[in-house]
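Structure first, commentary second.
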Amino acid sequence: MNEDAPTDDMKWCVVLTVLCANVLRLQNVVFRGGHCVTCPRPEGVPAPRRRLSVSAHTMAGKSPSSCVFCQICGDNPSGTELLLATDELVVFRDIKPAAKHHYLVVSREHIPDARAMTAAHKPLLERMLAAGDRVLREQGADPSASASDVRLGFHWPPFHSVSHLHLHVIAPTADMGLIARVIFKPNSWWFVSPEYVMSRL
Ligand SMILES: [Zn+2]
Ligand SMILES: [Zn+2]
């Protein structure tokens, strides 16, 4: 048996870690001041302010000032290097690259996630894919690499790190470690292919 190969236990451990991180995030939405908003409030505890759910759809198209990707698309206060910028998208390096090439193609429009895309976003999705491919080539990715050497995809809600639509472009997939292979597992509950997103539009 190959001792370097991840065991099923290790894989489940990583899956559970990812799920726990997201459960904690969801708990932040449900709990206020240590009290569950779905249970009767103890006496003297004030009602929570109603900011529990900002619908993904009501956020579409708006640029919340707290959104780090909107900031990069705008004033770019962090000075993130843009590898490509058009009037509808930008491309920059992932700050935690999972492989030699790991880029994020980000829509300028604040679309919360791939699930919020509509038929009107089909051309945008096509141009995001073309932009990712172009940057890969410009940055020196192996031009003979097959499609299976490149991992493309979107987080699927609620499992996203930044709630602003972004396409991950990762190559070569052979560089990806165990955790990256789980986080960016194609067509899992939490990460889906561009083809899947396109099929929904
Ligand atoms: Zn945004
Ligand atoms: Zn991401």
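The values are calculated or read from the model by the stated rules, or taken from the named source; none is laboratory data. On a predicted model such as this, the values are computed, not experimentally measured, just so you know. Please note: Cβ atoms are built from the backbone with ideal geometry, for glycine as well, and neighbour counts cover all protein chains shown.
Points worth noting:
- Subset of the range 163-176 (residues that are assigned to a strand (DSSP E or B) and within 12 Å of ligand 2 (Cβ to nearest atom)): 166, 167, 168, 169, 170
- Selection from the range 177-196 of residues that are part of a loop (DSSP other than H, G, I, E, B) and either more than 13 Å from residue 150 (Cα to Cα) or in contact with a helix residue (DSSP H, G or I) (Cβ under 7 Å, 6 or more places away or on another chain) (or both): 177, 187, 188, 189, 190
- Matching option when the condition is assigned to a loop (DSSP other than H, G, I, E, B) and within 16 Å of ligand 1 (Cβ to nearest atom), among 121, 160: 160
- Within the range 154-193, tally of residues that are of a type outside the set (Asp, Glu) and either touching a residue at least 60 places away in the same chain (Cβ under 8 Å) or closer than 13 Å to residue 98 by Cα (or both): 27
- Single match in 186, 157 (criterion: farther than 28 Å from residue 76 by Cα, of a type outside the set (Val, Ile, Thr), surrounded by fewer than 17 Cβ atoms within 10 Å (Cβ to Cβ) and within 16 Å of ligand 2 (Cβ to nearest atom)): 186
- Of all the criteria given as (1) buried (at least 16 other Cβ atoms within 10 Å of the Cβ); (2) more than 16 Å from ligand 2 (Cβ to nearest atom), the one not satisfied by residue 137 is (1).
- For the range 102-118, a residue qualifies if it is part of a helix (DSSP H, G or I) and under 19 Å from residue 68 (Cα atoms), and the qualifying residues are 114, 116.
- The residue of the range 68-85 that is surrounded by the most Cβ atoms within 10 Å (Cβ to Cβ), among those that are within 20 Å of residue 152 (Cα to Cα) and either over 15 Å from the mean Cα position of the chain (by Cα) or more than 15 Å from ligand 2 (Cβ to nearest atom) (or both), is 83.
- Number of residues in the range 134-153 that are touching a residue at least 24 places away in the same chain (Cβ under 8 Å) and outside any loop (DSSP other than H, G, I, E, B): the value is 9.
Let's see how each residue does on (1) away from ligand 1 (no atom under 14 Å from the Cβ); (2) modelled with pLDDT under 50:
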{"site": "20", "(1), (2)": "yes, yes"}
{"site": "42", "(1), (2)": "yes, yes"}
{"site": "47", "(1), (2)": "yes, yes"}
{"site": "66", "(1), (2)": "no, no"}
{"site": "70", "(1), (2)": "no, no"}
{"site": "80", "(1), (2)": "no, no"}
{"site": "84", "(1), (2)": "yes, no"}
{"site": "89", "(1), (2)": "no, no"}
{"site": "99", "(1), (2)": "yes, no"}
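- Going through (1) within 16 Å of ligand 2 (Cβ to nearest atom); (2) surrounded by 17 or more Cβ atoms within 10 Å (Cβ to Cβ); (3) of a type in the set (A, V, I, L, M) one by one, residue 124 falls short only on (1).
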